[in-house]
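The values are calculated or read from the model by the stated rules, or taken from the named source; none is laboratory data. These numbers were taken from a predicted model, which means no experiment stands behind them. Counting neighbours? That spans all protein chains shown, and the Cβs are built from the backbone with ideal geometry, glycine included.
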Amino acid sequence: MRIAIVGAGPAGATAALALSRQGTHEIVLLDRDSFPRVKTCGSALSPRCISLCHTLGIETTMAPLAYPVSGLRFTGPSGRQATLTGKAGGAWIIPRARFDAEIAFAAERFGVRFEQGFKATTLVRDPRGRVAGVSDGQRTLEADLTLVADGAHSRFSSDLRKKRQIATLMGWWEGVEGVLPGHMEMWFDRRVAPWYGWLFPETTERVNIGIYYRPEDPVPPKDIFGEIVDRHLGRRLRKATQVQKYRGAPIVYTEEIGEVAAPGALWIGEAARLTNAATGEGIFYAMKSGVIAAELIARHGITDGDRLLTAYRTAIQRAFTARFLLALGFMRFANTPAFSLLTSLVAVPPVQKTLTWALEHV
Ligand SMILES: Cc1cc2nc3c(=O)[nH]c(=O)nc-3n(C[C@H](O)[C@H](O)[C@H](O)COP(=O)(O)OP(=O)(O)OC[C@H]3O[C@@H](n4cnc5c(N)ncnc54)[C@H](O)[C@@H]3O)c2cc1C
């Protein structure tokens with residue numbers, strides 16, 4: 001059976017890797033870009049994402065590329081700060097250029113045909129309306145199943161609801177002072193509530209700094225960024241050099257999982273709006289949905305299409321609904337005076353414990 005995967009981010013590349021190991025399908029992984037390519041992303045991998053890398057057998061490839069994180073410098077809306085300690089190496093930062101390429105090239109080593117520079121423009125349909133492949137306007141690749149993994153801007157979304165988005169802006173610096181080794185920084189600043197600004201170290205020298213903010217905010221993004229960074233880094237930036245220009249991209253999230261399957265196609269990752277509304281985490285959700293798709297293809301096959309579609313819809317609901325509800329609850333809580341009050345007590349050990357737990361589980 002032929003499977004076409006549109007998009008080689010963590011969703012598409014992971015699905016390709018997991019499917020390639022089944023050794024039963026002819027798989028083509030398509031991306032408009034050439035890899036490695038820069039992706040606008042904080043590049044933080046949560047503990048659940050690391051554990052998925054372990055399950056996929058890529059943990060040992062990824063570990064040497066990772067900046068290991070064991071704690072978080074937290075700043076609440078009141079400006080109170082605390083250093084929260086987690087498990088040593090419990091989270092990783094791996095720049096996405098490397099991370100995504102490693103997964104896609106691993107899939108290629110297992111026999112996937114990885115076509116770069118292929119920009120899909122149309123999902124090709126048969127006379128009954130079933131997705132039967134993909135085209136870039138010049139060439140059509142026929143497929144028995146198409147996995148749509150083209151990310152936040154998905155041009156093939158099957159979900160007709162209005163998109164809910166987090167706006168972002170980020171950049172990369174070297175030489176920021178006072179970065180605590182092994183620690184990320186998150187600033188839950190009122191200006192961008194319910195979201196936050198961050199500093200994530202990629203190496204001992206280089207950090208990425210960004211903000212998540214409301215898309216309807218009328219102020220120019222760089223001004224919001226400047227205000228947050230001044231407040232939280234201030235003089236720590238005076239000897240720092242910006243090493244890569246600003247980049248912004250939306251994060252698409254959903255309050256309720258929408259349509260993720262249609263005859264001949266499954267949607268995975270951010271193309272299916274599978275991200276965490278509170279934290280903006282999307283890599284885990286992308287990879288996990290790719291793994292779920294691959295497992296169900298192995299179990300149900302492709303020819304009995306209806307069983308596969310129903311099983312995939314159900315599995316995605318089961319895997320993510322509770323997590324999304326928790327994320328939405330946290331996001332709403334982060335916008336209340338109660339959050340501000342709780343985090344103003346962040347120096348108190350039981351509050352620290354509760355907050356560490358909440359951030360780990362959201
Ligand atoms: C500023 C920012 C910071 C973030 N920080 C984090 C973080 O620290 N941790 C975390 O877990 N998540 C983070 N996220 C979210 C995360 O980046 C995404 O949720 C994740 O990349 C989704 O993976 P994906 O594979 O679904 O899509 P993507 O990673 O977007 O991959 C989609 C791929 O499809 C390709 N493509 C698109 N259109 C076409 C087409 N027509 N034809 C062919 N190819 C196409 C693209 O080139 C791309 O390679 C962040 C997002 C942003 C914007």
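Return the pair list, or none, for Cβ contacts closer than 8 Å from residues in segment 329-341 that are surrounded by fewer than 18 Cβ atoms within 10 Å (Cβ to Cβ) to residues that are at pLDDT below 95 and aromatic (Phe, Trp, Tyr), at least 6 apart or on different chains.
Taking only residues 6 or more apart or on different chains, the pairs are 333/339.
Which ranges mark the helices (runs of 4 or more DSSP H) fully within segment 284-362 that have 3 or more residues being out of contact with any Pro (no Cβ under 9 Å at 6 or more places or on another chain) and modelled with pLDDT of 95 or more?
Once the helices (runs of 4 or more DSSP H) in segment 284-362 are filtered for at least 3 residues that are out of contact with any Pro (no Cβ under 9 Å at 6 or more places or on another chain) and modelled with pLDDT of 95 or more, what remains is 305-333.
From the list 160, 180, which residue is at pLDDT below 95, surrounded by fewer than 17 Cβ atoms within 10 Å (Cβ to Cβ) and not charged (D, E, K, R)?
Checking each option against the conditions leaves just 160.
Within the bounds of segment 46-64, is there any residue that is aliphatic (A, V, I, L, M), part of a loop (DSSP other than H, G, I, E, B) and closer than 30 Å to residue 192 by Cα?
no
What's the number of the condition residue 132 fails, among (1) farther than 21 Å from residue 280 by Cβ; (2) within 9 Å of the ligand (Cβ to nearest atom); (3) small (Gly, Ala, Ser)?
Unmet for residue 132, out of (1) farther than 21 Å from residue 280 by Cβ; (2) within 9 Å of the ligand (Cβ to nearest atom); (3) small (Gly, Ala, Ser): (2).
Need pairs with beta-carbon distance below 9 Å; first residue within 12 Å of the ligand (Cβ to nearest atom) and at pLDDT 95 or above and within segment 108-129, second among the hydroxyl-bearing types (Ser, Thr, Tyr) and part of a loop (DSSP other than H, G, I, E, B); sequence gap 6+ or separate chains.
That search, which allows pairs on different chains as well, returns 116/34; 117/34.
Of the residues in segment 251-270, how many are closer than 15 Å to residue 16 by Cβ and in a helix (DSSP H, G or I)?
1
So, in segment 89-126, exactly how many residues are assigned to a strand (DSSP E or B) and farther than 21 Å from residue 154 by Cβ?
So the count comes out to 4.
Do you know which residues across segment 270-326 are within 14 Å of the ligand (Cβ to nearest atom), without any contact (Cβ under 8 Å) to a residue 40 or more places away in the chain and over 30 Å from residue 186 (Cβ atoms)?
Listed by number, the list is empty, since nothing qualifies.
Name the residues in segment 19-48 that are surrounded by fewer than 24 Cβ atoms within 10 Å (Cβ to Cβ) and more than 13 Å from the ligand (Cβ to nearest atom), would you?
20, 21, 22, 23, 24, 25, 26
I'd like to check something: does segment 136-148 contain any residue that is modelled with pLDDT under 95 and either assigned to a loop (DSSP other than H, G, I, E, B) or farther than 22 Å from residue 212 by Cβ (or both)?
There is no residue in segment 136-148 that is modelled with pLDDT under 95 and either assigned to a loop (DSSP other than H, G, I, E, B) or farther than 22 Å from residue 212 by Cβ (or both).
Table: residues versus (1) among the small types (Gly, Ala, Ser); (2) farther than 11 Å from residue 100 by Cβ; (3) outside the structural domain of residue 267 (by TED's automatic domain parsing).
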{"site": "11", "(1), (2), (3)": "yes, no, no"}
{"site": "19", "(1), (2), (3)": "no, yes, no"}
{"site": "28", "(1), (2), (3)": "no, yes, no"}
{"site": "34", "(1), (2), (3)": "yes, yes, no"}
{"site": "49", "(1), (2), (3)": "no, yes, no"}
{"site": "53", "(1), (2), (3)": "no, yes, no"}
{"site": "63", "(1), (2), (3)": "yes, yes, no"}
